[in-house]
There are 2 protein chains.
Amino acid sequence: MKGVLGVLGGMGPLATVDFMRKVIEVTPVTRDQDHLPMIVHSIPQVPDRTAAILRGGETPLPMLGDGIAALNRAGVDCIAIPCNTAHYWFEEMERGSKAPILHIVDAAAGALDRRGFHGATVGFLGTTGTIASEIYQSRLEARGYTCLVPEPGVQDDRVMAGITEVKAGRLDDAKRILEDAATGLRARGVATIVLGCTEIPVVLDDDALYLDATKALAEACVTWFVERGRLARAS
Amino acid sequence: MKGVLGVLGGMGPLATVDFMRKVIEVTPVTRDQDHLPMIVHSIPQVPDRTAAILRGGETPLPMLGDGIAALNRAGVDCIAIPCNTAHYWFEEMERGSKAPILHIVDAAAGALDRRGFHGATVGFLGTTGTIASEIYQSRLEARGYTCLVPEPGVQDDRVMAGITEVKAGRLDDAKRILEDAATGLRARGVATIVLGCTEIPVVLDDDALYLDATKALAEACVTWFVERGRLARAS
């Protein structure tokens with residue numbers, strides 16, 4: 001077997017399934033046998049990441065570390081974590097891993113670069129927990145970007161409300177509310193908007209206006225294996 | 001962590017993603033943390049199962065056995081294989097596994113029983129490889145069912161053509177062609193039709209007319225854990 005992608009998932013379980021589907025979709029092959037092998041640990045029992053960051057809830061780090069260790073024992077070549085908020089503990093997880101872990105914000109920045117936005121001011125839509133942890137702001141700024149997040153009132157009344165509507169399956173309402181929040185960011189001069197939450201791409205498409213970080217992570221994984229000659233076909 | 005479901009997948013990779021989504025959908029919980037943990041080995045490099053059965057191609061058994069062994073080492077409690085044709089090697093895989101493997105045809109039979117079809121004559125739609133291996137016919141008959149498959153001409157011109165149309169994304173054509181094949185089975189007196197192929201449920205719904213074996217396997221997995229008290233909530 002050629003290179004194996006490890007996935008630490010389950011946060012939530014449907015986001016992991018969505019990420020796996022995107023890995024398959026962006027892989028440049030024509031037959032099943034050429035797709036990337038994946039070993040996936042989907043562990044929904046990882047304690048709530050947002051609660052740990054915002055409200056001092058139980059830390060998810062021990063369980064995240066166990067998952068990383070198990071993927072290393074299984075012999076994976078690199079690891080992806082399709083959960084934005086879990087990247088708050090990225091450095092600790094990386095220290096415990098022989099296999100490199102691809103960072104979702106680096107993947108988003110790489111996708112922004114490829115779309116010609118290098119150094120631009122970009123907007124961000126995601127949960128309040130992800131924003132409070134500054135995962136995106138700090139790492140995008142280190143790569144030359146300026147990252148604007150919604151005003152606090154808009155974050156609560158529009159973004160979080162929109163995410164709740166997606167979870168409840170009211171997609172038309174969700175789309176309208178989230179587009180309102182995006183319009184507010186665009187009025188402040190952003191070049192494009194990063195969707196750093198697994199629910200939002202359900203109603204807003206990955207295109208010139210929006211960049212789906214989950215899809216960017218899937219692309220970064222496939223590129224990692226293509227660059228190392230681990231995929232059957234590279235174009 | 002409570003009980004862990006092992007999944008030997010990748011045959012094809014999208015069928016595995018579809019199975020995982022169905023496990024999540026049929027799990028009776030309301031929050032992410034109560035979902036079943038899964039360890040998934042998605043290994044698309046397993047040699048073609050149909051070619052091995054019909055044309056003496058390379059046997060997939062060594063790689064299937066490696067996957068089962070790896071899932072056992074990872075500590076899973078039971079195993080599901082979301083690929084109908086791979087069940088041709090079920091007994092060999094079962095002998096090499098400490099964790100029980102849930103058989104997709106037993107899962108389909110259990111779902112038929114629950115729908116009140118016990119002992120009925122049922123139809124089957126799937127690939128020519130699955131039919132030639134008699135996986136469904138023999139195991140359904142052992143459970144009291146009579147299993148009718150399409151006439152050879154219909155199998156080639158309608159069922160396989162319909163599956164090809166699904167793979168090509170021509171879903172309206174696929175649905176029409178597959179419904180033709182189903183009409184032929186119904187004229188021969190079947191009570192319902194088992195969809196034993198991962199592509200067909202893309203265009204034919206799991207309902208009174210059709211039973212999706214992938215969904216039945218997902219239900220059997222969840223039931224296995226519920227019966228053993230390994231899921232947070234059982235109703």
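The values are calculated or read from the model by the stated rules, or taken from the named source; none is laboratory data. Since the structure is predicted, the reported quantities are computational estimates derived from the model, not experimental observations. Heads up, the Cβs are rebuilt from the backbone with ideal geometry, glycines too, and the neighbour counts pull from every protein chain shown.
Key figures
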| quantity | calculated |
| --- | --- |
| Filtered residue count, region B:172-212, keeping only those that are part of a helix (DSSP H, G or I), closer than 26 Å to B:TYR88 by Cα and either at pLDDT below 95 or touching a helix residue (DSSP H, G or I) at 6+ places or on another chain (Cβ under 6 Å) (or both) | 5 |
| In region B:1-12, the residues that are within 9 Å of chain A (Cβ to nearest Cβ), modelled with pLDDT under 95 and surrounded by fewer than 24 Cβ atoms within 10 Å (Cβ to Cβ) | B:MET1, B:LYS2, B:GLY12 |
| Which listed residue is outside the structural domain of B:PRO37 (by TED's automatic domain parsing), under 24 Å from B:ALA86 (Cα atoms) and among the charged types (D, E, K, R), from B:ARG143, B:ARG186 | B:ARG143 |
| Tally, over region B:70-99, of residues that are in contact (Cβ under 8 Å) with a residue 24 or more places away in the chain and within 23 Å of B:LYS2 (Cβ to Cβ) | 15 |
| Looking only at region B:38-54, and only at residues there that are at the interface with chain A (Cβ under 9 Å from one of its Cβ atoms) and surrounded by fewer than 22 Cβ atoms within 10 Å (Cβ to Cβ), the one that is modelled with the lowest pLDDT | B:ASP48 |
| Residue among B:ALA168, B:ALA191, B:ALA182, B:ALA109 that is of a type in the set (A, V, I, L, M, F, W, C), buried (at least 16 other Cβ atoms within 10 Å of the Cβ) and more than 19 Å from the chain's Cα centre (by Cα) | B:ALA191 |
| Selection count where residues are more than 8 Å from chain A (Cβ to nearest Cβ) and touching a Lys or Arg at 6+ places or on another chain (Cβ under 9 Å), scope region B:28-37 | 3 |
| Candidate set from region A:116-138 (those that are among the polar types (S, T, N, Q) and free of Cβ contacts under 8 Å to residues at least 24 places away in the same chain); member that is surrounded by the fewest Cβ atoms within 10 Å (Cβ to Cβ) | A:SER138 |
| Near pairs, Cβ below 6 angstrom, 6+ apart or cross-chain, from region B:1-27 (touching a residue at least 40 places away in the same chain (Cβ under 8 Å)) to any residue that is surrounded by fewer than 23 Cβ atoms within 10 Å (Cβ to Cβ) and among the acidic types (Asp, Glu) | B:GLY3/B:ASP77; B:VAL4/B:ASP77; B:GLY12/A:ASP32; B:VAL26/B:GLU219 |
| Given (1) at pLDDT 95 or above; (2) touching a strand residue (DSSP E or B) at 6+ places or on another chain (Cβ under 6 Å); (3) at the interface with another protein chain (Cβ under 8 Å from one of its Cβ atoms), index of the condition A:VAL76 fails | (3) |
| Scope region A:139-192; condition within 24 Å of A:LEU14 (Cα to Cα) and free of Cβ contacts under 8 Å to residues at least 24 places away in the same chain; matching residues | A:ALA161, A:THR164, A:GLU165, A:ALA168, A:GLY169, A:ARG170, A:ASP172, A:ASP173, A:ARG176, A:ILE177 |
| Leading residue by the ranking (farthest from A:ASP180 (Cα to Cα)) among those in region A:195-235 that are among the hydroxyl-bearing types (Ser, Thr, Tyr) and within 11 Å of the chain's Cα centre (by Cα) | A:THR214 |
| Scope region B:20-37; condition under 22 Å from A:GLY67 (Cα atoms) and either surrounded by fewer than 21 Cβ atoms within 10 Å (Cβ to Cβ) or under 13 Å from the mean Cα position of the chain (by Cα) (or both); matching residues | B:MET20, B:ARG21, B:VAL23, B:ARG31, B:ASP32, B:GLN33, B:ASP34 |
| Test for B:GLU141: is it buried (at least 18 other Cβ atoms within 10 Å of the Cβ) and of a type in the set (Asp, Glu) | no |
| Filter pass, A:PHE117 being out of contact with any Cys (no Cβ under 8 Å at 6 or more places or on another chain), within 22 Å of A:LYS215 (Cα to Cα) and assigned to a helix (DSSP H, G or I) | no |
| Search result, residues across region A:23-51 that are in contact with a strand residue (DSSP E or B) (Cβ under 8 Å, 6 or more places away or on another chain) and under 29 Å from B:PRO62 (Cα atoms) | A:VAL23, A:ASP32, A:HIS35, A:LEU36, A:PRO37, A:MET38, A:ILE39, A:VAL40, A:HIS41, A:SER42, A:ILE43 |
| Residues of region B:15-70 that turn out to be of a type in the set (A, V, I, L, M, F, W, C) and within 18 Å of B:TRP224 (Cβ to Cβ), as a count | 11 |
| Residue that is modelled with the highest pLDDT [pool: residues in region A:140-155 that are over 21 Å from the mean Cα position of the chain (by Cα) and not in a loop (DSSP other than H, G, I, E, B)] | A:VAL154 |
